Amino acid sequence: MITNPSSTFQQDLAALVPNLRAFARSLSGNADKADDLVQEALVKAWQNQSSFAEGSNLKAWVFTILRNAFLSERRKLKNEVEDADGTYANGVATNGNQSDHMDMLDFSAAFQTLPPDQREALILVGAEGFSYEEAALMCGCAVGTMKSRVNRARQKLATLLSVDEVL
Amino acid sequence: MPGNENKEMDKRVEAHELENTGEQSLPPEIQASIGRQLKRAYAEIVSEPLPDRFSKLLNDLARSNKKSGDDS
């Protein structure tokens with residue numbers, strides 16, 4: 001029986017698609033753009049499959065590819081859009097000072113008010129279960145920076161969602 | 001339960017490390033509540049039905065590999 005290594009690679013990639021979509025959605029906040037990012041990441045992963053170290057973490061590898069695609073897209077946009085007041089650079093909506101308690105805000109809406117680096121950190125560590133070390137490696141930052149981003153994201157969500165009242 | 005003790009230990013270590021960076025960490029119950037909500041919201045997206053485009057794309061990629069230089 002001939003085993004085709006690329007067919008299992010294909011299956012492994014296919015199995016990651018739901019998580020890639022969720023990760024992309026949390027980065028971009030837009031479902032259509034997120035799926036375009038997933039498409040781009042899959043193509044790049046496929047083209048670079050020879051550089052994937054067999055036995056290492058495929059999910060971390062493809063997530064990193066998707067992340068890089070997202071960042072380069074954002075850099076391109078930033079160059080195109082005149083960002084006079086810096087709102088774009090500061091993320092979708094950094095309205096943390098508006099109110100300490102936004103009772104009607106649901107979790108996803110609160111999540112989208114976080115700066116992109118904090119959203120990413122919280123997803124990788126809190127939802128995907130990567131270790132701080134893995135997440136730091138994927139994002140090219142220090143482990144302490146990753147811990148601090150996750151912590152600040154949690155702090156802000158706790159404030160926005162008034163978690164203390166829910167308990 | 002030793003597993004839980006380890007987790008508690010991790011939390012204390014984490015809190016201590018954050019103290020060193022001058023940041024506060026949240027009470028464990030609040031942190032757990034946020035964790036649950038995060039996982040729930042994320043799982044909702046993960047479990048959404050998949051559009052066909054991704055399996056189609058992967059099949060196309062596999063096929064184009066076979067066409068150009070099938071050395072197996």
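The values are calculated or read from the model by the stated rules, or taken from the named source; none is laboratory data. It should be emphasised that the depicted structure is a prediction, and the values quoted were computed from it without experimental measurement. Every residue, glycine as well, gets a Cβ built from its backbone with ideal geometry; the counts of neighbours run over all protein chains shown.
Within the stretch A:115-140, the set of residues being in contact (Cβ under 8 Å) with a residue 24 or more places away in the chain, away from every other protein chain (no Cβ under 11 Å) and not in a helix (DSSP H, G or I) comprises A:P115, A:F130. Just one of (1) within 22 Å of the chain's Cα centre (by Cα); (2) closer than 19 Å to A:N151 by Cα; (3) at pLDDT below 60 fails for B:E17. It is (1). Within the stretch A:27-78, the set of residues being out of contact with any Lys or Arg (no Cβ under 9 Å at 6 or more places or on another chain), surrounded by 13 or more Cβ atoms within 10 Å (Cβ to Cβ) and outside any helix (DSSP H, G or I) comprises A:N30, A:F52, A:N57. Looking at A:A127, A:A158, A:A153, just one residue is in contact with a Lys or Arg (Cβ under 6 Å, 6 or more places away or on another chain) and closer than 19 Å to B:E29 by Cα, and that residue is A:A127.
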